[in-house]
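One structure is given below, encoded as C-alpha cells.
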Amino acid sequence: MAAEARELLAGYLSRHARALLDLAGSLDEEGVHDSRTSARRVRATTRVSRPYLERSEAERLRAGLREYAAGLGELRDVTEAGGLLLAEVAVLPRDQRVGPVTTRVRRELRRREREARRRLRSGPPMPPVLQAQLTRWAEAVPLREDTTVTVDDLLDRTRWARRRANRAASEVEALGPAVGLARRSAGWHEVRKQAKAARFACEVLRPELGKPARRGARAWHDLTDVLGEAQDLRVARELLRECAEAARADGQDAFSYGVLDERTRAGIEERLGAAPTRLRRALHRTPQRS
C-alpha cells in the first residue's frame, strides 16, 4: 500500500511536470490555460505533500513556477476578463451607450494583449533553470527516502488542505456584508487558492479511491470556478475604469462606463454570494478516512 501511495503522488507530479514541458512556448488561449493549470497543480501539490518531498527541491520548483505562471497570468487576465467585459458591452441597452464604448474597449484589450504577448516572446519559451527542474521531476520526483507514504497519509493531507480552505472562508465570512467589496474579494481570492490545493489533493487520490475523490475534486472545482469568475470581473472593472479615464481625457462622456462598472460589481456580488453554498458542498464531499 505504501508503494502504491508513493506511485500515486509521484505519478501525478511527474505527469504534470511533463505537461508543462510539452506546453512551453504555447501562447494560444488553450495553451496558456493548460500551462497555468498544470503549474498550479504542481505548485499546490508540492505544498500539500511537503512532508514527503525533498524540501529544498520542492521550494525551488515552486518559486520557479510562481514566476513563470505570473507571466502567463497577465495574458490570461486580458483574454478572460476582456471576454467577460465585451459580453457586458454587447448587452448594454442602446439608450445607455454614450460614445464609442465598444471601439474603445476593444482597442484597449487588443493593446494589452499585444503587449503581454510581446513580453512573453521577448525571452525563452521557458527559463532554462525551470526547464531543467521540470525535466528532473518528469523523470523522477524527489520523494524523501526516509518517509513512508500511505493512502491514509495522503487523505490526511487532503483534510489539511480542506481545513485551510475552510479557515480562509471563515475569516472572510466573519467580516460581514458591511465590509467593502475589495476586501471581501481579496479574502475570497485567498479561499480560491486554498480550494485549488484541496481539489488537486483529491485528484491525486482518484486512481485509488475512484468516485469519492472524483466527487470531491469536482465540488472544489465548482467553488474555484465561481470565485474565478469573480476575480475576472474584478480585473474587468479595473479595465473599465482606465477606459473611463481615457474617455474623459478625450472629452467624451463616461456615463456608459459607470453603468458597466455597476453591472460588473453586481456580477461580483452575485458570484461571491454563491460561494458559501459551494464551499459547504466541497467540504462535505472531500474524501475522508474510512
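The values are calculated or read from the model by the stated rules, or taken from the named source; none is laboratory data. These figures come from a predicted structure and were not determined experimentally. Positions of Cβ are backbone-derived with ideal geometry, glycine not excepted, and every protein chain shown enters the neighbour counts.
So here's what we get for this one:
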item	result
Selection from the stretch 16-67 of residues that are assigned to a loop (DSSP other than H, G, I, E, B) and more than 17 Å from Pro128 (Cβ to Cβ)	Ser26, Leu27, Asp28, Ser49, Glu54
For Val172: the one exception among (1) farther than 17 Å from Thr286 by Cα; (2) surrounded by 16 or more Cβ atoms within 10 Å (Cβ to Cβ); (3) within 16 Å of the chain's Cα centre (by Cα)	(3)
Breaking point among (1) modelled with pLDDT under 95; (2) surrounded by fewer than 16 Cβ atoms within 10 Å (Cβ to Cβ), for Leu109	(2)
Total residues in the stretch 168-192, condition modelled with pLDDT of 90 or more and either aliphatic (A, V, I, L, M) or touching a helix residue (DSSP H, G or I) at 6+ places or on another chain (Cβ under 8 Å) (or both)	17
Count - residues of the stretch 179-191 that are within 16 Å of Ala165 (Cα to Cα) and surrounded by fewer than 23 Cβ atoms within 10 Å (Cβ to Cβ)	6
Pair list, Cβ < 8 Å and 6+ apart or interchain, from the stretch 158-184 residues that are over 23 Å from Arg289 (Cα atoms) and touching a residue at least 60 places away in the same chain (Cβ under 8 Å) to residues that are surrounded by fewer than 20 Cβ atoms within 10 Å (Cβ to Cβ) and charged (D, E, K, R)	Leu181/Arg265; Leu181/Glu269
Residue in the stretch 92-115 that is without any contact (Cβ under 8 Å) to a residue 40 or more places away in the chain and in a loop (DSSP other than H, G, I, E, B) present	yes
Any pair with Cβ under 8 angstrom, 6 or more apart, that starts in the stretch 57-76 at a residue that is within 14 Å of Ser38 (Cα to Cα) and ends at one that is among the aliphatic types (A, V, I, L, M) and surrounded by fewer than 15 Cβ atoms within 10 Å (Cβ to Cβ)	Gly64/Val129
Filter result (within 17 Å of the chain's Cα centre (by Cα), within 29 Å of Glu269 (Cα to Cα) and in contact (Cβ under 8 Å) with a residue 40 or more places away in the chain) within the stretch 200-217	Phe200, Ala201, Cys202
Given (1) under 12 Å from the mean Cα position of the chain (by Cα); (2) of a type outside the set (S, T, N, Q); (3) within 22 Å of Arg164 (Cα to Cα); (4) surrounded by fewer than 21 Cβ atoms within 10 Å (Cβ to Cβ), index of the condition Ala63 fails	(1)
Search result, residues across the stretch 156-169 that are of a type outside the set (Lys, Arg) and either within 15 Å of Ala44 (Cα to Cα) or surrounded by fewer than 22 Cβ atoms within 10 Å (Cβ to Cβ) (or both)	Asp156, Thr158, Trp160, Ala161, Ala165, Asn166, Ala168
Number of the condition not met by Asp225 [criteria: (1) in contact (Cβ under 8 Å) with a residue 40 or more places away in the chain; (2) closer than 20 Å to Trp188 by Cα]	(1)
Conditions (1) loosely packed, with under 14 Cβ neighbours inside 10 Å; (2) at pLDDT below 90; (3) under 23 Å from Ala249 (Cβ atoms): number failed by Gly99	(1)
